[in-house]
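The values are calculated or read from the model by the stated rules, or taken from the named source; none is laboratory data. Owing to the predicted nature of the structure, the values given are computational and were not obtained by experimental measurement. We place every Cβ from the backbone using ideal geometry, glycine too, and count neighbours over all the protein chains shown. Surface areas here come from the heavy atoms of the whole protein model, side chains and all, with no ligands, DNA or RNA. Shrake-Rupley method; radii C 1.70, N 1.55, O 1.52, S 1.80 Å.
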Amino acid sequence: MEKQKRLEFYLQTTQNSLNDLKNYIEKIGMFLPIDYKHYDDLITHSKETLDAIAFRFNKIQSTLGEKIFKLFLIETGYD
């Protein structure tokens, strides 16, 4: 049961991060697509939002790979 509660916690944490990520992407929607030529034209606030997007994406990827997938494999009987 302990593993199931941890899995539920990680899934909820990941869902929260996905919601945050969606909100950040909506904030910079007017600047999309972004390329290296126009990056300097972004206002400082938008650059901070891009940093937040990168952080959230990394957090989601790490949680999925290091926590959720690992627990899923253990629960389903794979080594």
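At a threshold of 8 angstrom on Cα-Cα distance, excluding pairs fewer than six apart, so keeping six or more, what relative contact order does the chain reach in percent?
Computed over the chain, the figure is 51 percent.
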- [ ] Can you tell me the 0 to 90 degree angle between the C-alpha axis of helix 2-27 and the longest principal axis of the chain, rounded to 10?
- [x] 10 degrees
Task: GluC sites (Glu not before Pro) restricted to segment 1-70 and DSSP loop, no more than 14 other C-beta within 10 Å - done: none
- [ ] Using a 1.4 Å probe and ignoring any ligands, DNA or RNA, find the accessible area of PHE69 and quote it in Å² to the nearest 10.
- [x] 110 Å²
Task: Potential extension, THR76-LYS47 segment - 0.36 nm per residue separation minus Cα distance - done: 6.3 nm
TODO: Relative to the longest principal axis of the C-alpha atoms of the chain, give the angle of the C-alpha long axis of helix 44-62, reported between 0 and 90° and rounded to the nearest 10°.
DONE: 20 degrees
Task: GNM top mover of LEU11, LEU42, LEU64 - the chain, alpha-carbon springs below 10 Å - done: LEU42
TODO: With +1 on each Lys and Arg Cβ and -1 on each Asp and Glu Cβ, and nothing else charged, work out how big the dipole of the chain is about its Cα centre, in Debye to the nearest 20.
DONE: 200 debye
Open item on the list: Counting C-alpha atoms alone, how compact is the chain: give Rg to one decimal and Dmax as a whole number, in angstrom.
Closed with: 16.7, 52
TODO: Please compute the net charge surrounding THR14, taking Lys and Arg as +1 and Asp and Glu as -1 over other residues with Cβ under 9 Å from its Cβ.
DONE: +2
